[in-house]
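Here's the structure, in structure tokens; my notes come after.
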Amino acid sequence: MPAEGPAGGEVTALIETPPGVALVAACVPSGAELCFNAIDDNCNGVIDEGCGLTTGIVQFTIAWGDSKADVNLDVRPPPRMPGTQDSSDFHRDKDCPRDPSCYGQNEENVFLSSPDPVRAEPPHGRVTVTLDLGDPKDAPLPVHVRFGARIGSKSYGADVLLNKRGDKKVFIFTM
Ligand SMILES: [Ca+2]
Ligand SMILES: [Ca+2]
């Protein structure tokens, strides 16, 4: 079933957060959009626009500043129904601190894209988003990570602490 409303408009999701992590749903406009913080500073529903990241009607972004730690963002879409074809898919456009373009402003970004952006549809079902401290690399612990999610025209954020190697925090978005 197509999502109601215009593409990039209303998409609803039930959001489950990891224990002890609160979601910031209300947006507080703080002026211009700032890059590399995974926060929708200007409250237009898009995270870090104009900062070299690609966006989509669904987008997940993490930022962890100049920490040396290797933090990973893993996005698992719902399984596809047999016999159906889904042209929308999740893509990653930044992988820090590996990419030379990170310059001490660590960020990872995963977005939903479609060959036809006007018809891009959110996945139907559970999308599992995992933040994982792959390797602290002598960074002070815990590693402070800002998590941002764009779901249709709304953006959400959460501050997440990763305490040790292999520490994982899981968000589930049911769309
Ligand atoms: Ca914005
Ligand atoms: Ca921002």
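See the values below:
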quantity: FRET efficiency for residue 34 and residue 124, using Cβ-Cβ distance with R0 set to 25 Å, rounded to 0.05; calculated: 0.15
quantity: Backbone HN-Hα couplings from phi across segment 125-130 [Karplus 6.51/-1.76/1.60, Hz, Gly and Pro as x]; calculated: x, 8, 9, 9, 10, 10
quantity: Contact order relative to length of the chain, as percent, for alpha carbon pairs under 8 angstrom and 6 or more apart; calculated: 33
quantity: Potential extension, residue 135-residue 102 segment - 0.36 nm per residue separation minus Cα distance; calculated: 10.2 nm
quantity: For the chain: span of alpha carbons on each principal axis (Å, largest first); calculated: 48, 39, 33
quantity: Amide H within-cut-off set for residue 94, under 5 Å, with H built and near neighbours excluded; calculated: 109
quantity: Cβ charges +1 (Lys, Arg) and -1 (Asp, Glu), total dipole of the chain, debye; calculated: 460
quantity: Whole-Hz ³J(HN,Hα) from phi, Karplus 6.51 cos²θ - 1.76 cosθ + 1.60, for segment 141-155, glycine and proline x; calculated: 9, x, 8, 8, 10, 9, 10, x, 10, 10, 10, x, 8, 10, 10
quantity: Residue 174 versus residue 74: modelled label distance in nm, points set 7 Å from Cα along the beta carbon direction; calculated: 2.2
quantity: Distant-in-sequence amide H partners of residue 65 (H built 1.01 Å from N, under 5 Å); calculated: 106
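Readers should treat all values here as calculations from the given coordinates under stated rules, not as data from a laboratory. This is a predicted model, so every value here is computed, not measured. Quick reminder, even Gly has a Cβ in these numbers, built from the backbone with ideal geometry, and neighbours come from all protein chains shown.
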